[in-house]
Amino acid sequence: MKIPDLQTAPEHDHSKCISTALGVAEHLCNERGVQLTQIRHQVLELIWSSHRAMKAYELLDMIKPLQNSAKPATIYRALDFLIEQGLIHRVESLNAFVGCNCSGLQHDQLLLICKQCHVVEERPAETVMQALAAEIQAADFTVHSQAIEVHGVCTKCRQQENLSN
């Protein structure tokens, strides 16, 4: 299952997006024999509550009303699990986390990060990734992890800027 693409969905149904992401997570965890505990589920749901990258302490503040005993270590353990299972990505440049819309598939990441609304869009960018793989191979370099983060302005924010000008 794939979570809908933000740029191609004419009317983004965010509640459907969240329920799809949680359904994928539950399915993958059951299939892999790992436990999607209540706190992991809640952290994942909070991350999917928007498409912008969420910082760990933001998540802690949001989860406190649900899990009064939650500590930073609780959040970081949940985040580590969700990354390990391929359910979220770490946005290195922002020190934050975003839901993965290709959960369950091993894949490279091209993340488009809007500097105005802070929405992060994950793109497959196969041509870019193939060119990058060729360069890596030519350099005889061993990759341990790979993500490309591009900062700019999304279509929605650019359109809003044009309307205000």
Failed item, numbered, when Cys100 is tested on (1) farther than 16 Å from Gln146 by Cβ; (2) surrounded by 17 or more Cβ atoms within 10 Å (Cβ to Cβ); (3) of a type outside the set (Val, Ile, Thr): (1)
message: Looking at the structure I just gave you, is Leu111 buried (at least 17 other Cβ atoms within 10 Å of the Cβ) and under 11 Å from the mean Cα position of the chain (by Cα)?
response: yes
- request: State the number of residues belonging to segment 39-56 that are in a loop (DSSP other than H, G, I, E, B), small (Gly, Ala, Ser) and surrounded by fewer than 19 Cβ atoms within 10 Å (Cβ to Cβ).
  value: 2
- request: Specify which of the listed residues (Leu82, Leu36, Leu59) is in a loop (DSSP other than H, G, I, E, B), touching a Phe, Trp or Tyr at 6+ places or on another chain (Cβ under 9 Å) and open to solvent by less than 70 Å² (accessible area, probe 1.4 Å).
  value: Leu36
- line: Pairs returned, first residue in segment 39-61 that is among the polar types (S, T, N, Q), second residue that is assigned to a loop (DSSP other than H, G, I, E, B) and open to solvent by 50 Å² or more (accessible area, probe 1.4 Å), beta-carbon separation under 9 angstrom, 6 or more apart or interchain, are Gln42/Leu66; Ser50/His118
message: Quick check on my filter: what residues within segment 120-157 are over 22 Å from Arg90 (Cα atoms) and in contact (Cβ under 8 Å) with a residue 24 or more places away in the chain?
response: Thr155, Lys156, Cys157
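Let's see how each residue does on (1) in contact (Cβ under 8 Å) with a residue 24 or more places away in the chain; (2) under 24 Å from Val150 (Cα atoms); (3) in contact with a Cys (Cβ under 7 Å, 6 or more places away or on another chain):
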{"site": "Leu66", "(1), (2), (3)": "yes, no, no"}
{"site": "Pro72", "(1), (2), (3)": "no, no, no"}
{"site": "Asp80", "(1), (2), (3)": "no, yes, no"}
{"site": "Glu84", "(1), (2), (3)": "no, yes, no"}
{"site": "Leu94", "(1), (2), (3)": "yes, yes, no"}
{"site": "Gln109", "(1), (2), (3)": "yes, yes, no"}
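Kindly indicate whether any position in segment 7-25 is in a loop (DSSP other than H, G, I, E, B), β-branched (Val, Ile, Thr) and at pLDDT below 95. I'd like the intermediate steps shown before the answer.
To start, the set of residues in segment 7-25 that are in a loop (DSSP other than H, G, I, E, B) comprises 7-13.
Remaining after also requiring β-branched (Val, Ile, Thr): 8.
Filter again for at pLDDT below 95, leaving 8.
Within segment 7-25 (the criterion being in a loop (DSSP other than H, G, I, E, B), β-branched (Val, Ile, Thr) and at pLDDT below 95), the answer is yes, since at least one residue qualifies.
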field: Members of segment 114-136 found to be open to solvent by less than 70 Å² (accessible area, probe 1.4 Å) and not small (Gly, Ala, Ser), listed by number
entry: Cys114, Cys117, Val119, Val120, Glu121, Glu122, Met129, Leu132, Ile136
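The values are calculated or read from the model by the stated rules, or taken from the named source; none is laboratory data. What you see is a predicted model, and the numbers here were worked out from it, not measured in a lab. Neighbour counts are summed over all protein chains in view; Cβ atoms, including those assigned to glycine, are modelled from backbone coordinates with ideal geometry. These accessible areas exclude ligands, DNA and RNA; they are computed on the full protein's heavy atoms, side chains included. Shrake-Rupley method; radii C 1.70, N 1.55, O 1.52, S 1.80 Å.
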